[in-house]
Amino acid sequence: METTRRDFFRKAAQLTFLSAMIGGSAYLLAEDRIQLEGCADNQFCKKCQKLTACSLDKAKKYKEDER
């Protein structure tokens, strides 16, 4: 199968986008800007709909601080 110029640029754009997504995710995880489990910071507890039933330590601390 012959690769056309259009196919080449389409594939290059797809690989660039995929690399940017993977690189951005790795950067956020490496810099501790996000966490894989739970909430990243108490700022999210304020608007969370599951706050009353949440069992995470940060949510418990947030609920105690609000009292």
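So here's what we get for this one:
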| quantity | calculated |
| --- | --- |
| Accessible-area order (highest first, 1.4 angstrom probe) of the listed residues E64, E31 | E64, E31 |
| Additional length obtainable on full extension of the chain from L15 to A53, 0.36 nm per residue less Cα span | 9.5 nm |
| Ranked packing of 2-8, 52-58, most packed first, by mean Cβ within 10 Å | 52-58, 2-8 |
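The values are calculated or read from the model by the stated rules, or taken from the named source; none is laboratory data. From a predicted model like this one, the values you see are computed outputs, not experimental measurements. Glycine also receives a Cβ, built like all others from the backbone with ideal geometry; neighbour counts cover every protein chain displayed. Surface areas here come from the heavy atoms of the whole protein model, side chains and all, with no ligands, DNA or RNA. Shrake-Rupley method; radii C 1.70, N 1.55, O 1.52, S 1.80 Å.
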